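The values are calculated or read from the model by the stated rules, or taken from the named source; none is laboratory data. Values in this document were obtained by computation on a predicted structure and should not be read as measured data. Ideal geometry is used to build each Cβ from the backbone, glycine not excepted, and the neighbour counts take in all protein chains shown. Keep in mind that these areas ignore ligands, DNA and RNA; they rest on the heavy atoms of the full protein, side chains included. Shrake-Rupley method; radii C 1.70, N 1.55, O 1.52, S 1.80 Å.
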Amino acid sequence: MRKAIILLTLMLMAVTTKAQTPQILGDNHAMLPLKVSGKYLLLPVQEKEEIANVRVVVNNLQQQSFNVKLAVDKVDYYVPLDLQRFGSDRVLLDITLHGDRRATGPVKDFACWKEMRQSDTFDATNRERFRPAYHHTPQYGWMNDPNGMFYKDGVYHLFYQWNPYGSQWENMTWGHSTSTDLIHWEAQPTAIEADALGTIFSGSCVVDKQNDRVVAFYTSAGQSQTQSMAVSKDNGRTFVKYAANPILSSNEPDFRDPKAFWNDDIQRWNLILAVGQEMRIYSSTDLTNWTYESSFGKGFGCHEGVWECPDLIKMQVRGTNQHKWMLICNINPGGPFGGSATQYFVGDFDGHRFTCNQTDTRWMDYGKDHYATVTFDNAPDGRHIALAWMSNWQYANQVPTKQYRSSNSIARDLGLFAYNGDVYCSVTPSKEMLAARGKKVKNLTETCEIVVDVKANAEIILSNAKGEQVVMRYDAQQQTFAMDRTKSGDCSFSEAFPVTTTAPTYGNIKQLRLFIDRCSIEAFDADGKMAMTNLVFPSEPYNKITVKGGKATIYSLNY
């Protein structure tokens, strides 16, 4: 994990005390009274077990409810429950267990009761060899979609779908990290937590300059999915939920992921929302009252899965005075190589209706591990900076890490380019990645950038002494780039993982930029016409590079 985050992690140095004895009330029910003696209750997790529901009760009132896989016979890791936040020296945990008692044995013998303890500190020091060095990850727990990203006063704010109580999907909450350079991220306190309307699904933030505030929009995932808002007066450090939530509701089962933005063309706010297999567009003058304008989706793009995480941005076509709008649509399943992926549509938007100019399906990234892509609000210099969740729903819960799961892609600047009379999305590593480039080095390392100047057809192989390898091939005649990870290392956790991904290059590639981190490879055409993101889990780092049809230069990275 990055040095800046490591310096902020709390080391497990203080004296810990065991929790009190549980009261076993049945085959699936227990209560644990606690006399608070530390800041945290460290909960032992065993991932193969079924979830247990924990209700936190103080003075006979429920303060919190969450799900956690309490250890039965083996502890995989611990997660912290902050006891100080409840403001009482006595807390009751009311625990309902959902596992099969015939398989797990008596509740009284569960390992969690012996291993559970209170402590003033929680050790978040990295214990995972696959944790990326320069990609954003949570300190612990599960992460998926990037949420609510905005830039203000020199700081990038990244919120994200987070499970604080395990490293598999559950308990959706908005985690929060900040950065001044899009590379070094600092963990911040939890931003938005579940309430009576439901857990907190994906959404967006806007910088409301006129009222000097940041406004968050998110999906409240309760019995139905509704849209809620919250307001921050301290640059996103804390949020106060709108008292009259929800602000939008529907009888559709999939109704989520609001992305709001200021539309200078109409001097109004717009909001785009994913609903089943279409996007709905709204407008507003006050960010609170929204008017439905139109829907988009029927007859366009891929419809093999649910549409999610939309974005709608106006950009200039490179080398012209023409402007077009691009609608980003993440879909799961239905990606070009299975599972989740990001498609996009280029067209026109008048503030009311989006009109698509294309008839084919287009993907922003042709790798297997690029999803939930959205852009930062209020990005500097008119840039359109995007982050993606670097995983795939086919195996995200099973990848070989436990302290945490999932990372974000490197930051990418989006644009538009013309090719053969049509307009396509360009994707280039953000300029901050160039600023992070260090010295030239002779040998391949597990964290580096490789620049490959290609002549025509080219083959690039990354390999190690275990015989594991990733093979990349550029075919100039077919105008394709492919990455084969079928022999990349550990593929055992999912049959969907070993795959070769192939991308169109929309013309010739002269230079490739490859970003290597401990568990990922991101490949870009230097001109932005091709992007491909794939996870890899080698048993030891790739330390050899073989290039045919080109010349490779390796750079260290400063992180």
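Across region 220-229, a minimum of one residue is classified as of a type in the set (A, V, I, L, M), touching a Ser or Thr at 6+ places or on another chain (Cβ under 9 Å) and open to solvent by 10 Å² or more (accessible area, probe 1.4 Å).
Any idea which of HIS352, HIS303 is in contact with a strand residue (DSSP E or B) (Cβ under 7 Å, 6 or more places away or on another chain), of a type outside the set (A, V, I, L, M) and either in a strand (DSSP E or B) or touching a residue at least 24 places away in the same chain (Cβ under 8 Å) (or both)?
On the way: HIS303 fails: in contact with a strand residue (DSSP E or B) (Cβ under 7 Å, 6 or more places away or on another chain).
Just one listed residue meets the conditions, HIS352.
Of all residues in region 261-294, how many are free of Cβ contacts under 8 Å to residues at least 60 places away in the same chain and touching a Phe, Trp or Tyr at 6+ places or on another chain (Cβ under 9 Å)? Number satisfying all stated conditions: 18. Scanning region 45-79 for residues that are assigned to a strand (DSSP E or B) and of a type in the set (Lys, Arg) turns up just one, ARG55.
Across region 295-314, which residue is most open to solvent (accessible area, probe 1.4 Å) among those that are on the phi < 0 side of the Ramachandran plot and in contact with a Ser or Thr (Cβ under 9 Å, 6 or more places away or on another chain)? Give the derivation first.
Of all residues in region 295-314, those on the phi < 0 side of the Ramachandran plot come to 295-296, 298, 300, 302-308, 310-314.
If we keep only those that are in contact with a Ser or Thr (Cβ under 9 Å, 6 or more places away or on another chain) as well, we get 296, 300, 302, 305, 308, 311, 313.
Values: PHE296: 11, PHE300: 62, CYS302: 13, GLY305: 6, GLU308: 28, ASP311: 1, ILE313: 13 Å².
Top of the filtered list is PHE300.
Do you know which of the residues in region 483-503 that are touching a Ser or Thr at 6+ places or on another chain (Cβ under 6 Å) and open to solvent by 20 Å² or more (accessible area, probe 1.4 Å) is nearest to ILE460 (Cα to Cα)? Break it down stepwise before answering.
Our first condition is that a residue be touching a Ser or Thr at 6+ places or on another chain (Cβ under 6 Å); within region 483-503, this holds for 483-484, 489, 498, 502.
Add one more test, that the residue is open to solvent by 20 Å² or more (accessible area, probe 1.4 Å), and what stays is 484, 489, 498, 502.
Details: ASP484: 11, GLY489: 17, PRO498: 18, THR502: 14 Å.
The qualifying residue nearest to ILE460 (Cα to Cα) is ASP484.
Would you say TYR151 is closer than 23 Å to PRO380 by Cα and buried (at least 24 other Cβ atoms within 10 Å of the Cβ)? No, not satisfied.
Could you list all residues from region 208-228 that are out of contact with any Gly (no Cβ under 9 Å at 6 or more places or on another chain) and either of a type in the set (A, V, I, L, M, F, W, C) or closer than 16 Å to TRP174 by Cα (or both)?
VAL215
Going through THR445, THR428, THR342 one at a time, which residue ends up being open to solvent by 10 Å² or more (accessible area, probe 1.4 Å) and either out of contact with any Lys or Arg (no Cβ under 9 Å at 6 or more places or on another chain) or without any contact (Cβ under 8 Å) to a residue 40 or more places away in the chain (or both)?
On the way: THR428 fails: either out of contact with any Lys or Arg (no Cβ under 9 Å at 6 or more places or on another chain) or without any contact (Cβ under 8 Å) to a residue 40 or more places away in the chain (or both); THR342 fails: open to solvent by 10 Å² or more (accessible area, probe 1.4 Å).
Exactly one of THR445, THR428, THR342 is open to solvent by 10 Å² or more (accessible area, probe 1.4 Å) and either out of contact with any Lys or Arg (no Cβ under 9 Å at 6 or more places or on another chain) or without any contact (Cβ under 8 Å) to a residue 40 or more places away in the chain (or both), namely THR445.
Checking each residue in region 517-535 for being crowded, with 24+ Cβ neighbours inside 10 Å and among the β-branched types (Val, Ile, Thr) picks out only THR533.
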